[in-house]
Amino acid sequence: MPSLSFRRLIPQGPGLEELYRNIQPELALVEEELQKLPRSSNRLIKEINSYLFHKGGKRIRPALLILTAKLFGYDGNDHILMATAIESIHTASLIHDDIIDNSALRRGKESVHARWGANITVLLGDYLYIKTIGLSIRNDNNGIIRLLSEASAQMIEGEITEYDFSRNADITEREYFHIIRNKTAGLFAAACRIGGLLSRASEADLDKLSDYGVGLGITFQIIDDLLDFIGDPDLMGKPILSDLSEGRITLPMIYALRQDGRTHRDRLLDIMTSRPLGDAAKREILEILHDSGALAYAYRKAEECAARSREAVSGLPDSPHRATLGQMSDFVLIRNT
């Protein structure tokens, strides 16, 4: 297990470039489609969308859709279109997320709302959601359109629930997992299942793909939440404890508040009320989380979810694509950004 000190030491494993080696041509086509989204007669839409989609990203969700489609031998072109739609939904959610959190940075650059203002950014997020609907209906598979709609609604519901629990120290672990299942894992699962639907996989295999996506998505979000405490700010593009400063109480804090006894609970609650969180307060929070075992506990939960995702695809057709899906579980678990 990686060292869970204030700076986590990540073991070396396959990077995304290696994982994407067999699907690089398809991902390049997705990038081309994403670059078409800014094409509008409206100057501001063109300017903001060009800035947005040139910022890059891991493209994990479109990669999952392509991998699961190819796993079952799909050889059409709709997987490119649907992978673009999935990434567009994800991007729209990030735009709205930054407004809710009042985040000034995204991947080390100014967030869209910090650069252009919240009003325009809300409209742009809505614009991307509508564009995605337009992309999806170009495929006549009603099951896929329904999946995209449900995943989008789930994601928004998860964001609303998370906001409702903002600064609520009584949030439970069960409530936390419900939030991240909706907010993050639902879109991972939809990407995987859509790949299977395109290639006409059996219902049993579709369920396995969904289970894989859920496990991978939950793993991704737990690690994302852990990196808020122990990530490298230079790699993350934002200061540590940014999420906590914005009121987001995630698994490590939930564990420490529940398990660490009254003294530390009261101290954590006291620190959390201070605004802004200074360096001394951040160090004290990290010390409490480390000493209580909260960081290690959260990482164990991520390991369990990653193992479940690997198990879900173990019975699917043996191929390099299935191997990549298993390696993706490892990558998500050990990533440092």
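Read-outs: derived from the displayed coordinates by stated rules, not from any lab. The structure displayed is predicted, hence computed values, not measured ones. Positions of Cβ are backbone-derived with ideal geometry, glycine not excepted, and every protein chain shown enters the neighbour counts.
Of note:
- The slack in the chain from residue 35 to residue 336, taken as 0.36 nm per residue of separation less the alpha-carbon distance, amounts to 105.6 nm.
- In percent, rounded to a whole number, the relative contact order of the chain is 22, using alpha-carbon pairs under 8 Å and six or more apart.
- As a rough footprinting exposure proxy, the listed residues 162, 33, 110 were ranked by other beta carbons within 10 Å of their own, and the order from fewest upward is 110, 33, 162.
- The calculated 222 nm mean residue ellipticity attributable to helices in the chain amounts to -22500 deg cm²/dmol, summing -39500 (n - 2.57) over DSSP H runs of n ≥ 4 and dividing by all residues.
- Estimated from the Cβ-Cβ distance and a Förster radius of 25 angstrom, the FRET efficiency linking residue 167 and residue 287 is about 0.70.
- For the pair residue 207 and residue 137, label points projected 7 Å from Cα toward Cβ lie 3.3 nm apart.
- Ratio of the Cα radius of gyration of the chain to 2.2 N^0.38 Å, where N counts its residues: 0.99
- Net charge of neighbours whose Cβ lies under 14 Å from the Cβ of residue 157, counting Lys and Arg as +1 and Asp and Glu as -1: -4
- In this rough spin-label picture, where each label sits 7 Å from Cα along the Cβ direction, the residue 263-residue 246 distance is 3.4 nm.
- For the range 30-86 versus the range 234-294, the inter-centroid distance based on Cα atoms is 36 Å.
- Note on residue 122 and residue 232: their simple-model spin labels are 3.9 nm apart, each label 7 Å out from Cα toward Cβ.
- Test item: Cα-centred dipole of the range 207-337, Lys/Arg +1 and Asp/Glu -1 on Cβ, debye: 200 debye
- Order of 232, 266, 243, 225 - criterion: other Cβ atoms within 10 Å of each residue's Cβ, fewest first: 266, 232, 243, 225
- Exposure proxy ranking, count of Cβ atoms within 10 Å, fewest first, for 122, 112: 122, 112
- Size of electric dipole in the chain: Cβ of Lys, Arg +1 and of Asp, Glu -1, about Cα centre, debye, nearest 20: 460 debye
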